[in-house]
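See structure below.
The values are calculated or read from the model by the stated rules, or taken from the named source; none is laboratory data. Note that this is a predicted model, so its numbers are computed, not measured. Here the Cβ is made from the backbone with ideal geometry for all residues, glycine too, and neighbour counts use every protein chain on show. Ligands, DNA and RNA are excluded from the accessible area calculation, which covers all protein heavy atoms including side chains. Shrake-Rupley method; radii C 1.70, N 1.55, O 1.52, S 1.80 Å.
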Amino acid sequence: MGPQLSNPGVISVQATGSQPPLFFVPTGLGDCSYVPSLVKEMDVDCPVYALPWPSFDEVRPPTLEAIAAEIIVAIREIQPRGPYRLAGYSSGGILAYAIAQRLLSLDDAVSFIALIDVTLPANPSSISPTQMIREVVLDSFESLDDESFEVLERFTRQSSIAQLLEKAQQIGAMPLDRDLQNLVLMYEKSAQFHAALQSYRVPSLPIEVHQFYATEPLISRRVPPDEALIGPEASSPMRGWDRVLGAAAIHAVPIPGSHETLISVPQNRVVLARSISRALGGVDSRRT
């Protein structure tokens, strides 16, 4: 039996194992739904947990360091002392790194960090976090016919996230009975997370990371308005992390697929799962 979890959002994905747990932190949309299907394909002898976002303080914009500190409270309930093993997909990988930063500052050890296609942009984003999330919402309706998509695209420029989702519902892009309240909250929280991400200064830490990078570019219907997202670091296997870590500290592992399909397409997910398992096994065998 694993420990009793007092934090209701923590998901025990794999309950047992002889090695220290592996903790997946949420993505930049607060999502951990990709974890169970990925872990099902992994061959690891350790408990695996998916961690929720903590509740953000609505009064002041949260910092990434503050979010990391809150998540560590949930981690310590499960594993009181290190060495800790962390994994994060997309911008969740930067949060995993911030958690490692905090743990190291508390004199704890971090023995493993898996970055699943995590780009560290060289330049701060030129668009606001809210605008960035509106673009993400718009992207989720990519499969619409051109006319409907253009209606939403025009509407995006001067609407709130809630208005954009309501408009999508009105034009039939989403079921009318879909309750938008939780969706709006998720996207608004994501905008807060991205504001914290934009102000985070990524330090150089004395650790190694495993970067599981997608070998295919992400094709969108539109070129993202934020050119910083498609800087040269987005096509480098190191994904820009060589600006803060020495090249020898980054183990870059190619995974078939794009940023999305390396997880969503089953055969790519199997390659990713086995690659993470091998990397974890290598860390364990070096330590024994």
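Selection of first residues in region 81-109 that are closer than 17 Å to ILE250 by Cα and of second residues that are small (Gly, Ala, Ser) and in a helix (DSSP H, G or I), restricted to Cβ pairs under 6 Å at least 6 apart or on distinct chains, gives the following pairs, ordered by first then second residue: LEU86/ALA96; GLY88/ALA96; ALA98/ALA68.
Taken over region 233-250, residues that are without any contact (Cβ under 8 Å) to a residue 40 or more places away in the chain and part of a loop (DSSP other than H, G, I, E, B) amount to 4. Taking every residue in region 184-199 that is within 18 Å of GLU166 (Cα to Cα) and open to solvent by 30 Å² or more (accessible area, probe 1.4 Å) and pairing it with any residue that is of a type in the set (Val, Ile, Thr) and in a helix (DSSP H, G or I), at least 6 positions away or on another chain, the pairs with Cβ-Cβ distances below 7 Å are GLU188/ILE161. For SER140, the conditions (1) out of contact with any Ser or Thr (no Cβ under 9 Å at 6 or more places or on another chain); (2) over 26 Å from ALA87 (Cβ atoms); (3) open to solvent by 20 Å² or more (accessible area, probe 1.4 Å); (4) among the small types (Gly, Ala, Ser) all hold with the exception of (2).
Scan region 121-162 residue by residue and report those that are of a type outside the set (D, E, K, R) and touching a Pro at 6+ places or on another chain (Cβ under 7 Å). Spell out how you get there, then give the answer.
Narrowing region 121-162 to residues of a type outside the set (D, E, K, R): 121-133, 136-138, 140-141, 143-144, 148-149, 151-152, 155-156, 158-162.
Of everything in region 121-162, just one residue is of a type outside the set (D, E, K, R) and touching a Pro at 6+ places or on another chain (Cβ under 7 Å), namely ILE127.
Each row is one residue, and each column tells you yes or no for (1) free of Cβ contacts under 8 Å to residues at least 60 places away in the same chain; (2) open to solvent by 50 Å² or more (accessible area, probe 1.4 Å).
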position: ILE116; (1), (2): no, no
position: LEU120; (1), (2): no, no
position: THR130; (1), (2): no, yes
position: GLU147; (1), (2): yes, yes
position: GLU150; (1), (2): yes, yes
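Among the residues of region 164-220, those that are among the aromatic types (Phe, Trp, Tyr) and either farther than 16 Å from GLY93 by Cβ or in a helix (DSSP H, G or I) (or both) comprise TYR187, PHE193.
Filtering region 152-163 to residues that are loosely packed, with under 15 Cβ neighbours inside 10 Å and assigned to a loop (DSSP other than H, G, I, E, B) leaves ARG157, GLN158, SER160.
For TYR97, are the conditions met, namely being open to solvent by less than 10 Å² (accessible area, probe 1.4 Å), in a strand (DSSP E or B), modelled with pLDDT of 95 or more and within 27 Å of GLY257 (Cα to Cα)? I'd like the intermediate steps shown before the answer.
Numbers: open to solvent by less than 10 Å² (accessible area, probe 1.4 Å): yes; in a strand (DSSP E or B): no; modelled with pLDDT of 95 or more: yes; within 27 Å of GLY257 (Cα to Cα): yes.
It is false that TYR97 is open to solvent by less than 10 Å² (accessible area, probe 1.4 Å), in a strand (DSSP E or B), modelled with pLDDT of 95 or more and within 27 Å of GLY257 (Cα to Cα).
Check region 12-25 and report whether any residue there is modelled with pLDDT under 90 and in a loop (DSSP other than H, G, I, E, B).
no
Write out, first by first residue and then by second, each pair whose Cβ atoms fall under 6 Å of each other, whose residues are 6+ apart or on separate chains, and whose first residue, in region 38-55, is under 21 Å from ILE67 (Cα atoms) and open to solvent by 20 Å² or more (accessible area, probe 1.4 Å) while the second is assigned to a loop (DSSP other than H, G, I, E, B) and not small (Gly, Ala, Ser). If the second residue must be assigned to a loop (DSSP other than H, G, I, E, B) and not small (Gly, Ala, Ser), the pairs left are TRP53/PRO26. Take region 101-114 and flag every residue that is hydrophobic (A, V, I, L, M, F, W, C), open to solvent by 20 Å² or more (accessible area, probe 1.4 Å) and part of a helix (DSSP H, G or I). Within region 101-114, LEU104 is the sole residue that qualifies.
Table: residues versus (1) under 20 Å from VAL136 (Cα atoms); (2) out of contact with any Ser or Thr (no Cβ under 6 Å at 6 or more places or on another chain); (3) modelled with pLDDT of 90 or more; (4) not acidic (Asp, Glu).
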| position | (1), (2), (3), (4) |
| --- | --- |
| PRO225 | yes, yes, no, yes |
| PRO232 | no, yes, no, yes |
| HIS251 | no, yes, yes, yes |
| ILE263 | yes, yes, yes, yes |
| VAL271 | no, yes, yes, yes |
| ARG278 | no, yes, yes, yes |
| GLY282 | no, yes, no, yes |
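Here HIS194 meets the list (1) modelled with pLDDT under 90; (2) more than 20 Å from ALA68 (Cβ to Cβ) almost entirely, failing just condition (2).
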